[in-house]
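Enquirer: Questions regarding the structure given below will be posed in turn.
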Amino acid sequence: MKSALFRKPALVGLDIQPGKIRLVQLAIFKSHYRIDRIARRDLPVGVFRDGVICDWGGLQQELAAFVSVCDLTSAAAAVSLPSHLVRTDHIQVPTGLSRQEKEAAIWGAIKADASHPKAALSIDFVELPADDSGYSSVFFAVAQEAYLTKLIDCMKRAGLFPKIIDIDRYATLRAASFARQAQLSDGTSALLHLCDGTASLIIFNADDILFHQQWLLDEHLINETVQRYLDFYSTMHPASSVQRLLFCGSPLHYGCLREMRVNGQSIFIESVDLASQMHVATHVNDEDFHTFNFDYLLACGLALRELTPW
Amino acid sequence: MVNVNLLPWRDAQYRYQSRQLKRYFLASLILPFMAMTIWYIRLQNESEPLREKLNGLNERWSAYRTAGPSEAQVHQEEVRCAKIQLIKQTNRKLRQFFMSFSSEASQTVCFTRVMYHGRDFIFQGRTQSSYALTDFLKHWHTSSLFSEIKLQQLIKSKQNESMQFQLKANL
C-alpha cells in the first residue's frame, strides 16, 4: 500500500529512429534506477525520409500497436527530436532578467539570422550559473512548432501522454553520464555512440556539449573518421583537449577502434556499459538488455528525465 | 548538463501552480467548515436525548401545575404530617417527663425500674402500702403527661412489709 501511494510514477523514454522504435521504462527502486520494461519495434520503410518523419499516419499506427502491446496507454512519455531539427545556442544577458525579458533577448538573437515567424517556433532556455561579471549565459533551443505539434498529436492519438521533448544528443549524453557518473565531472570527454548504422560523436565537458557530429557508419572507417573529427575539434578548440573517448556500441565495433591521438597524445578509450549501473526487473529480458544496451542508450537517457507533476 | 524540454512547460507549470494554489485556498475554506459541521452534528446528536429528557420533565411539571396533586397524594401528605406531629409531640412529652420525673422525690414510693416502648411506659417499684401509692399518684405531677395510668400489679413482699407494684402509662 505504501509503495503504491508514495512510489514515484515512471517516465517512459521513447526513441523513434528511422526503421525502429525503442522504449525504456524506469522505476526508482531503493534509490537505484530499475529497468521495468524494454521493448523495440520495427518501423516500415517510408515513415522517415532524410531523418525526418514524413508519414505521421503510419507512425501513429505503429506507435498505437506498440503502446497496446506494452500496455502503456496514457503513460507519460519523453521523446526526443533529432539534433538537426533543433537549433541550440548561447546568449549573454544581464543577470536578474525576468522570463519575458530573457525570451525577448532570445527572440532577438533568433531574428538576427532566421526568417521564421515567432509563432512558428518553439523555444526552451536554461540560465546557466552566473559569475561575478553581472552577466549570465542563457542556453536556448529552438525547434519548428509545426513538427512538434505533429509529433505531440501523433503520440496522443497513439495513447501516450507526451511530457518532455528533449534533444537526442543531450538524452544520449545523459545516459552515458549516468553510466559513468563519477569519471566525467572534470575535463573534456568524447562519446562515440554506434547504433542502427549511424555513428554519433559528442564532445562535451561538465557544463555543455562542445561538438557534435553524426554520420553513416562504415565499419572499416570507424577509426579514421573518429580520428579526423577529433583532429578537427582540436584545431577548432586548441585550448580544450579531449582526455578520454567513451565508446558505446557493439563489441565488434569496439574491436575496430585502435589508438586515438589528440594533440599528439594518445587518449583513453573506455566502454560505456549501461547495464552495470541499472538493475533489471525480473520480468525483463535480462540477456537482451545486457547484450544490446547500447541500442537503448537514447531511450534510457529520455527515461532518466525527472517526471514533473505538471 | 542542461535539461531541455521543448514543450511549453513553463505555462503548464504556471497553470499547475495556480491550480494548486486554488486547491489550497479551497481546502483552507472547506476543511474548517467541514470540521465545524462535524462538530455541530456531533453536539446535536449528544444534546438530542438531553433535550428530549428536558421536554419530558417540562411536560410533567406543566401537568403537575395544571392538575395539582391527587387525593391519594394529599392523603399521603396528611398522614406524613400527622406522623411528624406525633413524633414531635412524643419527643416534647418525653423531654418533659424526664425533667419532671427527676425533680419529684417521695418518701413512700420508690421506682426500681422504668421501661419505655413506643408510647407505653412500664414503671416497677416498691411502696409501703397501697394507700401510699394512691396518695403518691394523686400528687404525682408527671402523671399529667400521660393519657392513662393503669395499675397492673401490686404484690406484698414476703421478706419485708413493703409492696411491689407495676404501673402502665400511655403518653
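The values are calculated or read from the model by the stated rules, or taken from the named source; none is laboratory data. In this text, all values refer to a predicted model and were calculated from it rather than measured experimentally. A quick note on method: Cβ atoms are made from the backbone with ideal geometry, for glycine too, and the neighbour counts reach across all protein chains shown.
Enquirer: I'd like to check something: does the range A:109-116 contain any residue that is at pLDDT below 90 and buried (at least 16 other Cβ atoms within 10 Å of the Cβ)?
Expert: yes
Enquirer: Moving on. Looking at (1) out of contact with any helix residue (DSSP H, G or I) (no Cβ under 7 Å at 6 or more places or on another chain); (2) among the small types (Gly, Ala, Ser); (3) modelled with pLDDT of 90 or more, which is the one condition that is false for residue A:64?
Expert: Exception for residue A:64: condition (1).
Enquirer: Is there any pair with a first residue in the range A:297-310 that is surrounded by fewer than 24 Cβ atoms within 10 Å (Cβ to Cβ) and a second that is among the acidic types (Asp, Glu) whose Cβ atoms are under 7 Å apart and which are 6 or more apart or on different chains, and what are they?
Expert: Qualifying pairs under 7 Å: A:305/A:166.
Enquirer: Considering only residues of the range A:151-183 that are farther than 28 Å from residue A:54 by Cβ and of a type in the set (S, T, N, Q), which is surrounded by the fewest Cβ atoms within 10 Å (Cβ to Cβ)?
Expert: A:181
Enquirer: Also, quick follow-up: Output yes when any residue across the range A:274-295 is closer than 20 Å to residue A:198 by Cα and β-branched (Val, Ile, Thr), and no when none is.
Expert: yes
Enquirer: What are the pairs with Cβ atoms under 7 angstrom where one residue, in the range B:2-22, is within 7 Å of chain A (Cβ to nearest Cβ) and the other, located anywhere, is of a type in the set (Gly, Ala, Ser)? Sequence gap at least six, or different chains.
Expert: Hits for this filter: B:4/A:141; B:6/A:122; B:6/A:141; B:6/A:143.
Enquirer: Which of the numbered conditions does residue A:132 fail, given that it passes all the others? Conditions: (1) facing chain B (nearest Cβ under 10 Å); (2) charged (D, E, K, R); (3) without any contact (Cβ under 8 Å) to a residue 12 or more places away in the chain.
Expert: Looking at each condition in turn, residue A:132 falls short on (1).
Enquirer: Residues in the range B:126-143 that are out of contact with any helix residue (DSSP H, G or I) (no Cβ under 9 Å at 6 or more places or on another chain) and assigned to a strand (DSSP E or B): how many?
Expert: Within the range B:126-143, residues that are out of contact with any helix residue (DSSP H, G or I) (no Cβ under 9 Å at 6 or more places or on another chain) and assigned to a strand (DSSP E or B) number 1.
Here is a yes/no grid of residues against (1) farther than 25 Å from residue A:166 by Cα; (2) of a type outside the set (S, T, N, Q); (3) touching a strand residue (DSSP E or B) at 6+ places or on another chain (Cβ under 8 Å):
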position: A:228; (1), (2), (3): yes, yes, no
position: A:254; (1), (2), (3): yes, yes, yes
position: A:257; (1), (2), (3): yes, yes, yes
position: A:271; (1), (2), (3): no, no, yes
position: A:276; (1), (2), (3): no, no, no
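Enquirer: Continuing with this model, one more query. With the requirement that a residue be of a type in the set (Gly, Ala, Ser) and over 30 Å from residue A:128 (Cα atoms), what does the range A:56-95 give you?
Expert: Across the range A:56-95, the qualifying residues are A:57, A:58, A:64, A:65, A:68, A:74, A:75.
Enquirer: Here's a follow-up. Go through the residues of the range A:77-95 one by one and say whether even a single one is at pLDDT below 95, more than 14 Å from chain B (Cβ to nearest Cβ) and in a loop (DSSP other than H, G, I, E, B).
Expert: yes
Enquirer: In the range A:13-33, what residues are part of a strand (DSSP E or B) and exposed (fewer than 14 other Cβ atoms within 10 Å of the Cβ)?
Expert: A:28, A:32
Enquirer: Kindly establish whether residue B:72 is exposed (fewer than 10 other Cβ atoms within 10 Å of the Cβ) and either away from chain A (no Cβ under 14 Å) or part of a loop (DSSP other than H, G, I, E, B) (or both).
Expert: yes
Enquirer: Could you check residue A:106 against (1) in a helix (DSSP H, G or I); (2) closer than 25 Å to residue A:12 by Cβ; (3) not aromatic (Phe, Trp, Tyr) and say which number it fails?
Expert: Every condition holds for residue A:106 apart from (2).
Enquirer: If you don't mind, another one. Only one residue in A:180, A:157, A:174 is under 23 Å from residue A:208 (Cα atoms), within 25 Å of the chain's Cα centre (by Cα), away from chain B (no Cβ under 11 Å) and of a type in the set (D, E, K, R). Which one?
Expert: Answer to the selection: A:180.
Enquirer: Next up: Considering B:29, B:54, B:50, B:43, which residue is surrounded by 11 or more Cβ atoms within 10 Å (Cβ to Cβ), within 57 Å of the chain's Cα centre (by Cα) and part of a helix (DSSP H, G or I)? Working first, answer last.
Expert: Working: B:29 fails: surrounded by 11 or more Cβ atoms within 10 Å (Cβ to Cβ); B:50 fails: surrounded by 11 or more Cβ atoms within 10 Å (Cβ to Cβ); B:43 fails: surrounded by 11 or more Cβ atoms within 10 Å (Cβ to Cβ).
Just one listed residue meets the conditions, B:54.
Enquirer: Cβ-Cβ under 7 Å, sequence separation 6+ or interchain: first residue in the range A:211-234 and closer than 16 Å to residue A:252 by Cα, partner in a helix (DSSP H, G or I). Which pairs?
Expert: What qualifies is A:219/A:253; A:222/A:253.
Enquirer: Something else about it: Under 19 Å from residue A:199 (Cβ atoms) and either in contact (Cβ under 8 Å) with a residue 60 or more places away in the chain or polar (S, T, N, Q) (or both): does that describe residue A:259? Before the answer, list the steps.
Expert: Working: under 19 Å from residue A:199 (Cβ atoms): yes; either in contact (Cβ under 8 Å) with a residue 60 or more places away in the chain or polar (S, T, N, Q) (or both): no.
It is false that residue A:259 is under 19 Å from residue A:199 (Cβ atoms) and either in contact (Cβ under 8 Å) with a residue 60 or more places away in the chain or polar (S, T, N, Q) (or both).
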